[in-house]
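The values are calculated or read from the model by the stated rules, or taken from the named source; none is laboratory data. What you see is a predicted model; the values in this text were computed from it and never measured. Virtual Cβ from ideal backbone geometry, glycine too; neighbours counted across all protein chains shown.
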């Protein structure tokens, strides 16, 4: 099987994220259900390629995503939230916020790269109508 490319995944994810209410749905999964947006996007990406994963493989991907979330993304989001709540006291808040959003986007892309590396180590099954997200959501 050909290995998946993280740049192709990034392009797919950016396109899907911008469609209709997808951003709101994904953020709801993240904020209300504790799901990982990049993992959701990866599962949709695999669906688009007619590739299916099993529950054990999903668990592996969840662990990969969780480590990066805990150590990197959640602390950054927490810092952004704190600054937003206290923006009146933060000198140059607008620029700091923009720089943090830019950093978060770069880190999201890095997490996608990590997920693609992990999925490339899995033995995926070709399937005519996969529904990977139903395993996760």
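Pairs needed: first member in segment 114-137, at positive phi and in a loop (DSSP other than H, G, I, E, B); second member anywhere, buried (at least 18 other Cβ atoms within 10 Å of the Cβ) and modelled with pLDDT of 95 or more; C-beta distance under 8 Å; at least 6 residues apart or different chains. Pairs found: none. Of all residues in segment 24-43, one or more are surrounded by 10 or more Cβ atoms within 10 Å (Cβ to Cβ), at negative phi and not in a helix (DSSP H, G or I). For segment 74-90, the candidate set comprises residues that are touching a helix residue (DSSP H, G or I) at 6+ places or on another chain (Cβ under 6 Å) and assigned to a helix (DSSP H, G or I); within that set, the residue that is surrounded by the most Cβ atoms within 10 Å (Cβ to Cβ) is 80. Would you pick out the residues in segment 91-118 that are surrounded by 14 or more Cβ atoms within 10 Å (Cβ to Cβ) and more than 20 Å from the chain's Cα centre (by Cα)? Passing the criteria: 93, 96, 97.
Within segment 18-39, residues that are in contact (Cβ under 8 Å) with a residue 12 or more places away in the chain sit with their Cβ atoms under 9 Å from residues that are in a loop (DSSP other than H, G, I, E, B), at 6+ positions apart or across chains, in these pairs: 26/35; 29/35; 29/36; 29/137; 33/137; 35/137. Residues in segment 54-68 that are in a helix (DSSP H, G or I) and within 19 Å of residue 133 (Cα to Cα): 55, 56, 57, 58, 59, 60, 61, 62, 63, 64, 65, 66.
Against the list (1) surrounded by fewer than 17 Cβ atoms within 10 Å (Cβ to Cβ); (2) assigned to a helix (DSSP H, G or I), the condition residue 3 fails is (2).
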